[in-house]
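Below you'll find the structure, written out as structure tokens, and then a few comments.
The values are calculated or read from the model by the stated rules, or taken from the named source; none is laboratory data. A quick note: this is a predicted structure, and the numbers were derived from the prediction, not measured. Positions of Cβ are generated from backbone atoms using ideal geometry, with glycine treated the same way; all protein chains shown enter the neighbour counts.
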Amino acid sequence: MPRIDELLRYLKDNKGSDLHLAAGLSPRARVSGAVQEIDGWPVLDDAQLRQLLQEIAEPAKWQSYLDENDLDFAYGLEGVARFRANYFVQENGAGAVFRIIPEEILSLETLKAPDIVASFANYSQGLILVTGPTGSGKSTTLAAIIDRINSSQAKHIITIEDPIEFVHPNKKSVLSQREVGAHTNGFGPALKAAIRQNPDVILVGEMRDQETIGLAITAAEMGVLVFGTLHTNSATKTIDRLIDAFPADEQDQVRLSLSESLTGVISQLLLRTADGKGRCAVHEILIRNTALPNMIREGNTVQLTNLIQNGKAEGMQTMDDALMQMIESGRITPHDAYMKAKDKQRFEPLLPADA
């Protein structure tokens, strides 16, 4: 058994989310949002850490790491979980982070996602984006939505990921899961091919560049339901990011296409629970209505917050309103909400007097 399996089992048994390894440090785990040392493990030097990492990397992948100083892949430990592995090189030598991917795909109900999120599984076409910083649970939310479609509808679902994280069994739908590097040379080529593969649903693991963004918008315009992720933290920044990926002379056309295809945006943050024993997701939600296309076409994204606030009856919510609801329900602390809020003055009266 590879020695690193012991650390990965520790991560699962202690309900951690990430294993952090770096030459010159002892192993650490992120548990309930806090990074802590793992008892019983010494400081690892570069040679020791590389030996640990090489044990679970295929020869071709290890050579790629030696050549490029970076490597992404998925590693499965039967009966425990799958892990998204990222190898890198840092000041003192090798480094790695392992993110746990639960074997069980959690339902939207278990995740306590807003009811409106489940409705996105019922759309037949359009572009739906799940956004947020790294580690905010975007993949978990998307997996739950895809599983909802898979369980209830007869569709052809294509996922394009780097690497494949959640493995979906075929239920009512047929799934084709493709991994960048192993099954295709990139998100762009895979997405271009997917459009010709009679898809009903396409999941794009990350919309990293102009080509991928453009193809995702085109697929949505052609009648496919497209899900994608971006590292943005609000609906406004998401739309601006999509448009800014293109040269200035193309942006008017992109606005027009996006205004016709964008169906919804879920912006997500992950916060510690009030009891300190876990984490929970908080969501800002934008849904297409009659006003949204004009705002996108006219580049008037500064008004999106007002649109979301006025759309509460349709299921929309701003991040600050979502944070306030989580405080009122006792799920998060006022301090943690204050740290993530946009309008901090609104949350100041809720802070303890000595904060």
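Table for the structure above
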{"read-out": "So residue 121, is it in contact with a helix residue (DSSP H, G or I) (Cβ under 8 Å, 6 or more places away or on another chain), in the same structural domain as residue 49 (by TED's automatic domain parsing) and surrounded by 16 or more Cβ atoms within 10 Å (Cβ to Cβ)", "value": "no"}
{"read-out": "Selected residue (only one of 176, 119, 124 is in a loop (DSSP other than H, G, I, E, B) and among the polar types (S, T, N, Q))", "value": "124"}
{"read-out": "Selection within region 156-167 - surrounded by fewer than 20 Cβ atoms within 10 Å (Cβ to Cβ) and in a loop (DSSP other than H, G, I, E, B)", "value": "163, 167"}
{"read-out": "Candidates 223, 135 - the one that is under 24 Å from residue 293 (Cα atoms) and touching a residue at least 40 places away in the same chain (Cβ under 8 Å)", "value": "223"}
{"read-out": "Filtered residues of region 186-239 (kept if buried (at least 19 other Cβ atoms within 10 Å of the Cβ), in contact with a Lys or Arg (Cβ under 7 Å, 6 or more places away or on another chain) and not in a helix (DSSP H, G or I))", "value": "201, 229, 230, 232"}
{"read-out": "Near pairs, Cβ below 8 angstrom, 6+ apart or cross-chain, from region 57-73 (closer than 10 Å to residue 85 by Cβ and in contact (Cβ under 8 Å) with a residue 24 or more places away in the chain) to any residue that is of a type in the set (A, V, I, L, M, F, W, C) and part of a loop (DSSP other than H, G, I, E, B)", "value": "73/57"}
{"read-out": "Residue, nearest to residue 292 (Cα to Cα), within region 319-355, restricted to residues that are in a loop (DSSP other than H, G, I, E, B) and touching a Lys or Arg at 6+ places or on another chain (Cβ under 8 Å)", "value": "332"}
{"read-out": "Qualifying positions in region 155-179 - touching a Ser or Thr at 6+ places or on another chain (Cβ under 8 Å), within 19 Å of residue 220 (Cβ to Cβ) and either assigned by TED's automatic domain parsing to the domain that holds residue 82 or polar (S, T, N, Q) (or both)", "value": "159, 176"}
{"read-out": "Residue in region 136-155 that is in contact with a helix residue (DSSP H, G or I) (Cβ under 9 Å, 6 or more places away or on another chain), under 22 Å from residue 239 (Cβ atoms), modelled with pLDDT of 95 or more and not in a strand (DSSP E or B) present", "value": "yes"}
{"read-out": "Members of region 8-42 that are assigned to a helix (DSSP H, G or I) and under 12 Å from residue 99 (Cα atoms)", "value": "8, 11, 12"}
{"read-out": "Any chance residue 13 is within 23 Å of residue 167 (Cβ to Cβ) and loosely packed, with under 14 Cβ neighbours inside 10 Å", "value": "yes"}
{"read-out": "Any hit, region 253-267, residues being assigned to a strand (DSSP E or B), out of contact with any His (no Cβ under 6 Å at 6 or more places or on another chain) and under 30 Å from residue 16 (Cβ atoms)", "value": "yes"}
{"read-out": "Any hit, region 109-116, residues being among the hydroxyl-bearing types (Ser, Thr, Tyr), under 26 Å from the mean Cα position of the chain (by Cα) and assigned to a loop (DSSP other than H, G, I, E, B)", "value": "yes"}
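The rows are residues; the columns are (1) touching a residue at least 60 places away in the same chain (Cβ under 8 Å); (2) among the polar types (S, T, N, Q); (3) in contact with a strand residue (DSSP E or B) (Cβ under 9 Å, 6 or more places away or on another chain).
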site: 164; (1), (2), (3): yes, no, yes
site: 211; (1), (2), (3): no, no, no
site: 217; (1), (2), (3): yes, no, yes
site: 238; (1), (2), (3): yes, yes, yes
